[in-house]
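Asks: This is the structure I have questions about; it appears just below.
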Amino acid sequence: MDQDNTSEDETVGPSEDPYEDEMPRLPPGLSEAEAAEVLWNVRAQRRQASPDLPETVTRLTASDGSLLYLVGTAHFSDSSKQDVSMTIRAVQPDVVVVELCQYRVSMLKMDEVTLLKEAKDINLEKVQQAIKQNGLMSGLMQILLLKVSAHITEQLGMAPGGEFREAFKEAGRVPFCKFHLGDRPIPVTFKRAIAALSMWQKARLAWGLCFLSDPISKEDVEKCKQKDLLEQTMLEMIGEFPALHQTIVAERDIYLTHTLRQAARCVEAPPNAQKVPAVVVGVVGMGHVPGIEKNWEKELNIQEIMSVAPPSRLNRVMVTVMKGAVIGVVGYACYRVGGSLGRALLSLPSVKSLLETIKPPPPA
């Protein structure tokens with residue numbers, strides 16, 4: 001997703017608070033080049049040379065002098081939204097990069113009420129979609145993680161991704177600012193994560209996610225912005241599932257670093273297209289900040305973290321067993337409700353779609 005903000009619709013003029021400024025209304029009769037130069041100068045005037053930023057912001061410099069302001073956030077935090085807004089308004093970036101991929105872009109377009117409803121409503125259609133998109137095992141694991149997200153949503157009464165929606169909104173107010181999705185596609189992450197776990201680890205993880213019920217407060221969420229506390233939590237998780245940490249955290253650190261470095265390249269300044277260092281704001285979970293700092297100046301191989309190994313023979317056997325179990329449950333349900341009702345159940349689009357999803361492949 002690439003949002004190029006050069007709109008002339010909204011008005012701006014000198015105001016007591018420059019942060020209230022929107023896109024300026026240009027005088028009539030300007031050529032395209034003249035309009036671009038005016039907008040460029042407006043942004044230059046708004047950009048603070050030495051901004052006073054929140055302590056959650058880390059500043060990194062690229063080899064060409066481009067600057068990255070990396071905002072570490074907690075995904076269910078109101079104060080993280082404020083940190084993002086303050087940073088973008090202060091530095092007036094050329095590019096904003098967020099920890100989302102194309103499979104989660106809908107999070108930017110839904111309002112809070114809709115997102116709260118979606119997060120709490122895990123239905124058969126969502127299960128089918130997850131299985132189709134990621135395969136049976138990865139799809140079921142995604143549903144379990146959605147359950148965790150729904151648990152947090154219900155506890156806090158707050159939809160996830162508020163900091164990303166804030167970044168999208170603020171980027172739209174900055175002349176020439178582009179908006180990039182910086183995360184690895186979620187199907188790749190889930191498939192690599194599942195492939196890295198043994199069957200016993202998968203069972204333990206699923207059990208823990210199924211029975212998650214610990215209360216969560218907004219104070220707990222804010223603690224996730226404290227690097228030392230977060231690192232301690234990460235170490236505990238590594239002890240339980242080191243392979244899971246590698247695929248879900250460490251590999252995505254590498255991918256996010258790659259996309260942030262791609263964004264932090266010199267840009268062309270009007271009117272003569274002179275190359276100047278870029279200013280980039282990255283919005284990522286606080287847990288990714290140390291990894292991005294560590295990888296910032298390293299040579300990175302993205303291809304090796306994008307491949308998915310074929311399933312082992314044992315995994316294929318287990319998947320076949322699970323498919324058979326699901327078909328057996330549907331068949332038993334049809335038997336219990338009787339012939340006519342059973343046929344009606346089988347005729348439902350959601351059930352037909354699920355059966356199509358889990359149908360064994362035809363013999364070679």
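Asks: Between Leu300 and Asp64, 0.36 nm times their residue separation minus their Cα-Cα distance comes to what?
Replies: Result: 83.2 nm gained on full extension.
Asks: Now for a separate question. At 1.4 Å probe radius, can you tell me the per residue accessible area of the range 29-118 in Å²?
Replies: Heavy-atom SASA per residue in the range 29-118 reads 47 Å².
Asks: Residues with amide H under 5 Å of Thr73's amide H, sequence separation 5 or more or different chain, H placed in the peptide plane at 1.01 Å from N; which?
Replies: Residues meeting the criterion, in which the H sits 1.01 Å from N, are Val284, Gly285, Met286.
Asks: Between Glu55 and Asn41, what is the spin-label point distance in nm, taking each point 7 Å from the Cα along the Cα→C-beta axis?
Replies: 4.1 nm
Asks: Name the long-range amide H neighbours of Val279: under 5 Å, sequence gap of 5 or more, or other chain; modelled H, no Pro or chain starts.
Replies: Residues meeting the amide H criterion: Leu67, Asp94, Val95.
Asks: Given a cut-off of 27 Å, name the pairs among Lys81/Lys202; Lys81/Lys109; Lys202/Lys294 whose C-alpha atoms lie farther apart than that in the structure shown.
Replies: Lys81/Lys202; Lys202/Lys294
Asks: Using the Karplus equation 6.51 cos²θ - 1.76 cosθ + 1.60 (θ = phi - 60°), what ³J(HN,Hα) coupling, rounded to whole Hz, does each residue of the range 170-183 give in order, writing x for Gly and Pro?
Replies: Going residue by residue, I get 5, 4, x, 9, 9, x, 6, 7, 9, 10, 10, 8, x, 8 Hz, with x marking Gly and Pro.
Asks: While we're on this one: Compute the relative contact order of the range 48-96 as a whole-number percentage, counting only Cα pairs closer than 8 Å that sit 6 or more residues apart in sequence.
Replies: 38 percent
The values are calculated or read from the model by the stated rules, or taken from the named source; none is laboratory data. Computed from a prediction, not measured in an experiment: that's the story for all the values here. A quick note on method: Cβ atoms are made from the backbone with ideal geometry, for glycine too, and the neighbour counts reach across all protein chains shown. Note: areas computed on protein heavy atoms with side chains; ligands, DNA, RNA excluded. Shrake-Rupley method; radii C 1.70, N 1.55, O 1.52, S 1.80 Å.
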